[in-house]
Structure formats: C-alpha cells, structure tokens
Amino acid sequence: MSFSYEMILDYAPYFMRGLLYTLGFSISGIIFGTILGLVIALGRMSNIPFISVIFKLYISLFRGTPLFVQILIINFGVVPVIVGHSNPYIAGTLALSLNAAAYIAETFRSGIQSIDNGQTEAARTLNLSSFDTMRFIIMPQAIKVVIPPLGNEFISLIKDSSLISAISAPEITYWAQAMNAQYYIVWTPYLTVAVLYLILTLTASRLMGILERRMAKSD
C-alpha cells in the first residue's frame, strides 16, 4: 500500500473541478427530482385509474432497475434521440433526476397521506377547492414531514453521482479513474475521492440537521 501526496497535489485542480460537477449533478438531480416527484406523487394518488396506473408503472420501473443501467440507456439511447448525440452532462442530470423522482414521489405520497383527513373535510366545509386545499393546507404540513427523507435522498444522489463517471462525466470519480490509468496506482486516487465524498455527505447531513431544527422551532 502506497499513498502519494505529490500526485494528489498534481491532480488537485482536477479533483476540485470534479467536486463542482459532483455538486452540480447532485443539486440538479434533487431539484428536478423533487419537482417531478411531486407531480408523480399527485398523479399516483389520482382518482382516475388510467393516470394512477401510468405513474405507478413509472415508479416501479425506476425503482426496480439499477441506476447504472438507467444511466447507460439514457446516455446512449434517449439523449441521442433528443439532441442527436450522447452527452454525459445531459444524460447524467436526466438520469439522476428521473431516478430520484421515483423515490421522492413515494416520499411525497407518504407525507401527504400522513396528514389527518379531518383537515381536508374542514377545508371542504369552508368551500375551498381541492387545489387550494392541497396548496394552503396539506402541502405546507407535508413538506415538513418530507424534508428529512429529501435530505437523505440528496445524500444518496451525491454518492450515486459517481456512477455517471462510466459515461465520462467529469465528476470526482472520473478523475480518480484518470489518475489510476495514468500512474497505475489505486490507493491514492480512490482514497482521495472517498474522503471527498465523506466530506460532502457529512456537510450535507449537517446542513439538513440545521434546517430540520429551524423548521421544528417554527412550529
């Protein structure tokens, strides 16, 4: 086992660039995944069977197949149809977002269903529409319930973003592989990125803890 600090210094600019891409992919994935996940959750809960079945199938598809396979299909199959060629930036963002949306949809559904039905009935007595009831009464409470699971999903996305190195997206794992290929070493590049991922996930956990405490104080 050998560890070279000199090589880390040589590759530091690449690792820092990869760190920015890792954050970019993860943040994009959680933002788009949350928006799409909410839409899917509402569709999954629809009283129209056809619509509900479509979103159930979406959730089953993305939760029941490996993210790595989804990344490959999207990069080499879906994205070329859309833009004419494969693109690791588009494919990485799209794959992470679509995959996260399936899990976030179930998180939203659980959060919405956890709200007492009596509040919906009370809203109806006030002649509030279903949309206004969801917007002003159900969702503000449900969001507080789903914040911790969303934080966990963001942390998972940070780690899962390493998979898009397989399509040459230049995040930190990609540069660890590049160092390994150039110098034929293992410990230095992969221990370095392991530490970087650890720092990212611990920081994200800390920030989510602060957010949860502030939301608890606001109740």
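Only the coordinates and a few stated rules stand behind these numbers; no lab work does. Since this is a predicted model, take the numbers as computed values, not measurements. Here the Cβ is made from the backbone with ideal geometry for all residues, glycine too, and neighbour counts use every protein chain on show.
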Determine the gain in length on full extension of the stretch TYR14-ILE210; use 0.36 nm per residue of separation and subtract their C-alpha separation, reporting nm with one decimal.
-> 67.5 nm
Gained length - ILE82 relative to LEU61, 0.36 nm times residue gap less alpha-carbon distance = 5.5 nm
Give the peptides 116-122, 75-81 in descending order of average Cβ contacts within 10 Å, highest first.
-> 75-81, 116-122
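Applying a 10 Å radius around every beta-carbon, put 97-109, 40-52 in order of their mean neighbour count, most first.
Listed from highest to lowest mean packing, they are 97-109, 40-52.
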Inter-label distance for ILE54 and GLN141, nm, one decimal - labels placed 7 Å from Cα along Cα-to-Cβ | 3.0
Mind ranking 168-180, 194-206 by how tightly packed they are, going by the mean number of other C-beta atoms within 10 angstrom, highest first?
-> 168-180, 194-206
Between (i) 80, 45, 26; (ii) 47, 35, 34; (iii) 71, 45, 25, the structure-derived Cα extents along the principal axes in Å is (iii)
Using a cut-off of 17 Å between alpha-carbon atoms, which lysines can reach LYS217, once sequence neighbours fewer than 8 places away in the same chain are excluded?
-> LYS144
Can you work out the FRET efficiency for the pair SER114 and ILE185, with r the C-beta to C-beta distance and R0 = 41 Å, to the nearest 0.05?
-> 0.25
Rounded tilt (10° steps) of 172-183 against the dominant C-alpha axis of the chain = 10
Alpha-carbon centroids, segment 177-218 and segment 116-145: separation in whole Å | 38
Once every DSSP H run of n ≥ 4 in the chain is given -39500 (n - 2.57) and the sum is divided by its residues, what mean residue ellipticity at 222 nm do you get, rounded to the nearest 500 deg cm²/dmol?
-> -26500 deg cm²/dmol
Along segment 106-111, Karplus-curve 3J(HN,Hα) (6.51, -1.76, 1.60; θ = phi - 60°) to the nearest Hz, with x for Gly and Pro, reads 5, 5, 5, 4, 5, x
Simple spin-label estimate for LEU72 and LEU202 in nanometres, 7 Å along Cα-Cβ | 3.5
What's the FRET efficiency of ASP132 with ILE27 using the Cβ-Cβ distance as r and R₀ = 41 Å, to the nearest 0.05?
-> 0.85
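Work through the residues other than LYS56 whose Cβ is under 15 Å from its Cβ and net out their charges, Lys, Arg +1 and Asp, Glu -1. Kindly include the intermediate steps, with their values, before the conclusion.
Values: positive: ARG44, ARG63, ARG109; negative: GLU106.
Around LYS56, the surrounding residues sum to +2.
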What aspartates and glutamates sit close enough to LYS56 to cross-link, taking a C-alpha to C-alpha distance under 14 Å and skipping anything fewer than 8 places away on the same chain?
-> GLU106
